Amino acid sequence: MKCIFTHCWHLTGYVPTCRVEDKREWLAFQEATMKQVVEIANEHDAHLIIAGDLFDQPRIDDEVITLFIRCMLPMINDVIVIGGNHSLPEHREANIDRSSLGIIKAMSLNPSSKIKYITCDEFLIDGRFEHSVQLNKDITLVHTLTVNADEIPFSWRAITARELAQKYTTPWVLVGDNHNRFHAEFGGINVMSAGCLMAETVSENEYDLGVYYIDTGESIEVTTQNDTSPVYRVSNSTVKWISLNHDKTKVSRSHIKTKSTDDDALRAIVEILEKEGDGVSVDYERNLLEYIAHSSSISEGAVAIIEEIRDSKESV
Ligand SMILES: [Mn+2]
């Protein structure tokens, strides 16, 4: 299979705080980025795989949904979409009909639709949500926080790439949620993250944003009785990283600083941003939502209330 692998588009109708565009410009930027990805997919005669968090929240502006559907129209091959913790209400497939992703799923019920929403198996493991589906004999799609290291950073609810390769035994395990990209390989099993697509925090602005082109080639299982998990020999495969045009001037540090030089509280936040970087933004709401997205210590009832408040604000 030839595919463009991406995830964490976090499409949204509101402008992330660190971005300098106004709403029109932000929508235009998201549109231009989606068109770039579709062009790349068509140039490679590839399918487009979006492994979760297509939308930043369960409900987003209608015009953003329309923008996504329109931008996908020129696709020659399929657009394969799975859910993810940000796009599903309370992170659950069962609630999809009360979300913007529900529209995408309903569209894909039409056999002629190129956009195909695939429902995942859903796990809640020590507070970490994991959504996964085997796409075909070569590829498993997963959405869960995965790190390409032997140790999981303190307090992260995550799994290591090696553990994922032991759990999902297809030659290609394409995993969304981590906004950093990586490509790890264990006994012929490739575990890959493509990172986020657009910079919505100051630290993401430093990333080399883009998509992976993958041709899965041929894979033969060569497991022996000494192996604890399946081993594959993959041949004639191609993996290529394709960077996207990414105008770093659209994300502002001074934008933050100019507002905050005199305000101790904001200066403290800037210091945290500089120290912590990944996953922290100046957007309180975003931090709160990021926290509940990855935390298990918040009751479902509380999550529902927070999301209801957020959604009621959205629809105003
Ligand atoms: Mn996610």
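The values are calculated or read from the model by the stated rules, or taken from the named source; none is laboratory data. All values reported here derive from a predicted model rather than from experimental measurement. Glycine gets a Cβ as well: all are built from the backbone with ideal geometry, and neighbour counts include every protein chain shown. The protein model used for the area step is the full one, side chains on, heavy atoms only, and it has no ligands, DNA or RNA in it. Shrake-Rupley method; radii C 1.70, N 1.55, O 1.52, S 1.80 Å.
If you count, for each residue, the other Cβ atoms within 10 Å and average over each peptide, how do 84-93, 222-231 line up from highest to lowest? Could the numbers behind the result be given before it?
Working: 84-93: 21.9, 222-231: 10.8.
Ranked by mean Cβ neighbours within 10 Å, highest first: 84-93, 222-231.
What's the ranking of 192-198, 160-166, 150-156 by average number of surrounding C-beta atoms within 10 Å, highest first? Kindly include the intermediate steps, with their values, before the conclusion.
On the way: 192-198: 24.9, 160-166: 19.0, 150-156: 9.7.
Those peptides, ordered most packed to least, come out 192-198, 160-166, 150-156.
Evaluate the distance, in nm, between pseudo-label points positioned 7 Å from the Cα of residue 113 and of residue 180 along their respective Cα→Cβ axes.
The answer from the label model is 3.6 nm.
Which length gain, in nm to one decimal place, applies between residue 42 and residue 125 when the Cα-Cα distance is subtracted from 0.36 nm times their residue separation?
Details: separation 83, 0.36 × 83 = 29.88 nm, distance 3.77 nm.
Stretched fully, the residue 42-residue 125 segment lengthens by 26.1 nm.
In nm, give the distance between the simple-model label positions of residue 220 and residue 304, each being 7 Å from the Cα along the Cα-to-Cβ direction.
That separation, rounded to one decimal, is 5.5 nm.
Compute the FRET efficiency between residue 23 and residue 206 as 1/(1 + (r/R0)^6), taking r as their Cβ-Cβ distance and R0 = 25 Å, and round to the nearest 0.05. Each step should come with its number before you reach the end.
On the way: r = 25 Å, r/R0 = 0.99.
Given R0 = 25 Å and the Cβ-Cβ separation, E is 0.50.
Keeping all protein chains in position, work out how much accessible area residue 233 exposes to a 1.4 Å probe, and write it in Å² to the nearest 10.
Roll a 1.4 Å probe over it and residue 233 shows about 140 Å².
Among the lysines in the stretch 2-248, how many pairs, 8 or more places apart or on different chains, have alpha carbons under 20 Å apart?
So the count of such lysine pairs works out to 15.
So how exposed is residue 241, as accessible area in Å² (1.4 Å probe, rounded to 10)?
Per-residue accessible area (residue 241): approximately 50 Å².
Relative to 2.2 N^0.38 Å, what does the C-alpha radius of gyration of the stretch 2-248 come to as a ratio? Two decimals please. Walk me through the intermediate numbers first.
Details: Rg = 17.5 Å, N = 247, 2.2 N^0.38 = 17.9 Å.
Normalised by 2.2 N^0.38 Å, the Cα Rg of the stretch 2-248 equals 0.98.
Using protein chains only and a probe of 1.4 angstrom, how many square angstrom of residue 97 are accessible, to the nearest 10?
The accessible area comes out at roughly 130 Å².
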